[in-house]
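Trainee: Can you read through this structure? Questions will come right after.
None of the figures in this text is laboratory data; all of them are computed from the coordinates on show. All values reported here derive from a predicted model rather than from experimental measurement. Glycine gets a Cβ as well: all are built from the backbone with ideal geometry, and neighbour counts include every protein chain shown.
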Amino acid sequence: MTREPNPRGSGEQLRAQLVGAASDLLLSPQSVALPSLRAVARACDVSPAAVYLHFDSQDALIAAVIDAQLHELEVTVRGDLDVAAAPADQLNQFGRSYVTWGLEHPGAYQLLFETADRLELPEHDLDSPNWDLISEAATLVASATGQDVEASRAVAFRLWAALHGVVSLRIHKPGVPWPDAAKEVTAVITRLTAHD
C-alpha cells in the first residue's frame, strides 16, 4: 500500500502517525520465541533424533521446563518454612521465600508467571500438584486467621497477586528505589489477613 506523503511543514502529523503505528505494533500481544528442538539438541551436542527419544514435541519439552521450574520454586518455598513456627510466621516465611526466589531467578519467574500463558501450551489445572503452593498458602492463611477454606483460598489468590506485583515490578523496573521487599511482604500479609 502506497502512503500519501504529508504536506511540507506537517512533521508533527507524521510524528503522531509514527507513534500511533509503533503503539499498534508494541501493544499487540507478542509471541514468545521458543527454542527449536534442533537448537536444544545443538546445545546438548546431540542429534535432533535424540531429543525425540524423550519429547515428542516442542510443547512437551517446554511443558517439562515449566514443570521443573515450578517444582524448584515449590521445593525452595517449602524448604524455607519453619514448621515449628506460628502459622502467621510461616505465612511470612512463605511470602518472603516466594519473592526471594522470583528475584533471584528472574528468567524462570517470567517464564512461569508472565509468558507461559502466551506459549499456547495446555492450561495447567490449578488443582494439580503443580499448583500445590496455592493450596499450601490457603492452609497457612486458614491456620493464621481461623477463616474457612473458601475464604482462605480467596486470600491465598490475593496474596499471590500481591507477591507477583512485588516480584514483577522489581524485575521490570530495577531503577525504582523500591522499599525493602521483606518488609513489603510482611505489610501485604498483615493487611490481607487482618480481621476487619
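Trainee: R0 = 30 Å: FRET efficiency of S143 with V75, Cβ-based, nearest 0.05?
Mentor: 0.90
Trainee: Contact order normalised by length for region 67-192, with contacts defined as Cα pairs under 8 Å and 6 or more residues apart; what percent is it?
Mentor: So the answer I get is 30 percent.
Trainee: Provide the FRET efficiency to the nearest 0.05 for the L18-A64 pair, computing r from the beta carbons and using R0 = 30 Å.
Mentor: Result of the calculation: an efficiency of 0.10.
Trainee: Okay, next question. For region 67-192, what is the charge dipole size about the Cα centre, in debye to the nearest 20, if Lys and Arg each add +1 at the Cβ and Asp and Glu each add -1 at the Cβ?
Mentor: Value, rounded to 20: 620 debye.
Trainee: Label points 7 Å out from Cα along the Cβ direction at A84 and T115: separation in nm?
Mentor: So the two model labels end up 4.3 nm from each other.
Trainee: Could you derive backbone 3J(HN,Hα) for region 73-88 from the dihedral phi with the Karplus parameters 6.51, -1.76 and 1.60 (θ = phi - 60°), listing whole Hz in sequence and x where the residue is Gly or Pro?
Mentor: 4, 4, 4, 5, 5, 5, x, 8, 7, 8, 5, 8, 6, 5, x, 5
Trainee: Could I ask something else about it? So, with +1 on the Cβ of K and R and -1 on the Cβ of D and E, and no other charges, what is the size of the charge dipole of region 47-94 about its Cα centre, to the nearest 20 debye?
Mentor: Dipole size: approximately 60 debye.
Trainee: Then there's this: Note down, for region 67-192, the three equivalent ellipsoid semi-axes (square root of 5 times each alpha carbon gyration tensor eigenvalue), biggest first, whole angstrom.
Mentor: Square roots of five times the eigenvalues give 22, 19, 13 Å.
Trainee: What FRET efficiency do you get for D132 and I171 if R0 is 30 Å and r is their Cβ-Cβ distance, rounded to the nearest 0.05?
Mentor: About 0.80, to the nearest 0.05.
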